[in-house]
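The values are calculated or read from the model by the stated rules, or taken from the named source; none is laboratory data. What you are looking at is a predicted structure, and each value in this text was computed from that prediction instead of being measured. Positions of Cβ are backbone-derived with ideal geometry, glycine not excepted, and every protein chain shown enters the neighbour counts. For accessibility, only protein heavy atoms count, side chains too; no ligands or nucleic acids. Shrake-Rupley method; radii C 1.70, N 1.55, O 1.52, S 1.80 Å.
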Amino acid sequence: MRGMSAQEQDTLTRLRDEITPRGLKYYIETYGCQMNMNDSEKLAGILCAAGFSPAGSKEDADFLLFNTCCVRDHAEKRVFGNIGALKQRKDEQPHFLIGVCGCMMQQEAVAKKLYKRYPFVDLIFGTHQMHELPNMLQRVMSGERVLFNAEPDSNVVEGLPVLRAPGVSTSVSIMFGCNNFCSYCIVPYVRGRERSREPERILKEITDLADSGYSEITLLGQNVNSYGKDIGTTFPELLYAAAKIEGIRRIRFMTSHPKDVSPALIRAMADLPKVCHHIHLPVQSGSDRILRLMNRGYTHQRYLELVAQLRGKVPDIEITTDIIVGFPGETEADFEDTLELVRQVGFSAAFTFMYSPRPGTRAAEMPDQLPQSEKKKRLLTLNELQASQTKKNNEKYIGYVGDILVEGCDTRGAEALAYGKYQNFKMVYFPGHADMIGQYLRVGVKKAQKNSLIGEIIHE
Ligand code: 5AD
Ligand code: SF4
């Protein structure tokens, strides 16, 4: 474990009091997963402590920071494109600062390429150097260009300032990194090995969040079910302890790896009323052969058994998943196994992806890479099947009544529609207004649409 050093704290104070010009504004553009969003809240916390204030928009920012993702090619291309488009602005406003950080920049070759190709970028650093931001900022403010690409750090960094989005729902990282080395995935290379935060620290953070009005917490990790293995505790133990915290009404978690879902986890979900009845359980493929090539550690049958166990103990559980189509060597028969699994499980929702070769991963070197056209075709077929499953699943909810936490309000249509999720992750829209955001309301479902549920507030 490591916190910010006294020297780093000192730099922060000096930045705030002496170096950062008054009124300098930052904007962080975040790509990718919830882990990155959570990191961005820490980056924002550091920037505020260094004397910056948040800008309302990119255009209004004096410092624009891109927190990048490299899980798929698409995300990388977008980042390069969006940064390239800033050249003119930099020419016109030389004091405008541009920074790029996150997973994509943790890959040394990519960071160097960006540094060379875009000489107008001021600051580049990876996922392991967030706590060094004060020192990097100091150098950037004195006119230096900084490319900070250090070795992966095996420490858990604690105590960074955090600026959270206001509201009642927020996330807490409980662990960092991943040890699984699924053959397609770059995460273990850019996020490093699994390391868990001490439970006391997590529980203290959640208690403080509850005290400041947050009541829905999402516990985050690449594979939360292996939380604690390195420090002699377990994820279910953490859930039991977190559920005791007063003021917390809902506990969510993601992501779960099917090979690590234990009977103790299922029991905790069934036992603890605060733990939400939703699990994000990426299956990736329904073909045993492909699952083996992916290094996933379970079979089609084992996944179905797990689903049956979860539904046996937690009957109203909703299951969401991630699926990759077009993994190297995936045949029509393999793909049919995936479709079959989707039919068998009836997922609440599926995030579907075309396989994207990631340099340095094993799958990128595998023979029989599929043409893009084939991947696209399979993705469409899969999405069509899932759409019909989603619709079927939605129809089950007609007449359902439950509590939702209002997340937002869509005012674009003729009638303003507020929306929020039931405890088990199902989203419902209903006539409402923006003042309801953050409230828990009782809502009944009247209609099921293709992608969403329509309901109304129940006054009891
Ligand atoms: N190609 C396509 N999808 C990928 N994912 C991870 N790596 C790749 C890749 N190389 C997907 C997986 C994972 C989700 C976050 O992104 O489905 O669960
Ligand atoms: Fe990537 Fe697999 Fe780890 Fe998930 S479990 S982050 S897919 S290596």
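Yes/no per residue for (1) aromatic (Phe, Trp, Tyr); (2) open to solvent by less than 20 Å² (accessible area, probe 1.4 Å):
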position	(1), (2)
Met37	no, no
Phe52	yes, yes
Asn67	no, yes
Asp91	no, no
Val110	no, no
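State all residues of the stretch 195-214 that are more than 19 Å from the chain's Cα centre (by Cα) and not in a helix (DSSP H, G or I); if no residue qualifies, say none. Answer for the stretch 195-214, where residues must be more than 19 Å from the chain's Cα centre (by Cα) and not in a helix (DSSP H, G or I): Glu198, Ser212, Gly213. Scanning the stretch 143-156 for residues that are in contact with a Lys or Arg (Cβ under 6 Å, 6 or more places away or on another chain) and closer than 16 Å to Ser196 by Cα yields Asn155, Val156. When the stretch 181-191 is limited to residues that are more than 9 Å from ligand 1 (Cβ to nearest atom) and out of contact with any helix residue (DSSP H, G or I) (no Cβ under 7 Å at 6 or more places or on another chain), the one that is farthest from Glu151 (Cα to Cα) turns out to be Pro188. Counting only residues that are over 28 Å from Ile279 (Cα atoms), among the small types (Gly, Ala, Ser) and within 16 Å of ligand 2 (Cβ to nearest atom), the stretch 350-376 holds 2 of them. Please work out if Leu379 is open to solvent by less than 60 Å² (accessible area, probe 1.4 Å) and farther than 24 Å from Val428 by Cβ. Judged against the criteria, Leu379 is a match.
For the stretch 100-107, the condition holds for at least one residue, the condition being that it is assigned to a loop (DSSP other than H, G, I, E, B), within 16 Å of ligand 1 (Cβ to nearest atom) and either in contact with a Ser or Thr (Cβ under 6 Å, 6 or more places away or on another chain) or open to solvent by less than 40 Å² (accessible area, probe 1.4 Å) (or both).
In the stretch 445-456, what count of residues is obtained for those that are in contact (Cβ under 8 Å) with a residue 40 or more places away in the chain and either open to solvent by 60 Å² or more (accessible area, probe 1.4 Å) or under 26 Å from the mean Cα position of the chain (by Cα) (or both)? Spell out the reasoning first.
Of the stretch 445-456, the ones in contact (Cβ under 8 Å) with a residue 40 or more places away in the chain are 445-453.
From what is left, the residues that are either open to solvent by 60 Å² or more (accessible area, probe 1.4 Å) or under 26 Å from the mean Cα position of the chain (by Cα) (or both) are 446-447, 449-453.
Here the count works out to 7.
Taking (1) at pLDDT below 90; (2) over 30 Å from Phe96 (Cα atoms); (3) open to solvent by less than 40 Å² (accessible area, probe 1.4 Å) in turn, Met130 satisfies each apart from (2). Of all residue pairs spaced 6 or more apart or on separate chains, those with beta-carbon atoms under 8 Å, a first member in the stretch 358-386 that is over 27 Å from Gly346 (Cα atoms) and a second member that is in a helix (DSSP H, G or I) and away from ligand 2 (no atom under 16 Å from the Cβ) are Pro359/Ala109.
Pick from the stretch 274-293 the residues that are surrounded by fewer than 22 Cβ atoms within 10 Å (Cβ to Cβ) and in contact (Cβ under 8 Å) with a residue 12 or more places away in the chain: which of them is farthest from Gly213 (Cα to Cα)? Show your work before the answer.
To start, the set of residues in the stretch 274-293 that are surrounded by fewer than 22 Cβ atoms within 10 Å (Cβ to Cβ) comprises 274, 277, 280, 282, 288-289, 292-293.
Narrowing further to those that are in contact (Cβ under 8 Å) with a residue 12 or more places away in the chain: 274, 277, 280, 282, 288-289, 293.
Numbers: Lys274: 16, His277: 23, His280: 26, Pro282: 32, Asp288: 46, Arg289: 48, Leu293: 46 Å.
Restricting to residues being surrounded by fewer than 22 Cβ atoms within 10 Å (Cβ to Cβ) and in contact (Cβ under 8 Å) with a residue 12 or more places away in the chain, the top hit is Arg289.
Scanning the stretch 222-243 for residues being crowded, with 18+ Cβ neighbours inside 10 Å, away from ligand 2 (no atom under 16 Å from the Cβ) and among the hydrophobic types (A, V, I, L, M, F, W, C) gives a total of 3.
Considering the stretch 208-221, the residues that are polar (S, T, N, Q) and open to solvent by less than 50 Å² (accessible area, probe 1.4 Å) include one that is farthest from Ile251 (Cα to Cα), namely Ser215.
Please verify whether the stretch 33-40 includes one or more residues that are free of Cβ contacts under 8 Å to residues at least 60 places away in the same chain, part of a helix (DSSP H, G or I) and among the charged types (D, E, K, R).
Just the residues of the stretch 33-40 that are free of Cβ contacts under 8 Å to residues at least 60 places away in the same chain, to begin with: 33, 40.
With the extra rule that they be part of a helix (DSSP H, G or I), the set shrinks to 40.
Subset that is among the charged types (D, E, K, R): none.
No, there is no match, as no residue in the stretch 33-40 is free of Cβ contacts under 8 Å to residues at least 60 places away in the same chain, part of a helix (DSSP H, G or I) and among the charged types (D, E, K, R).
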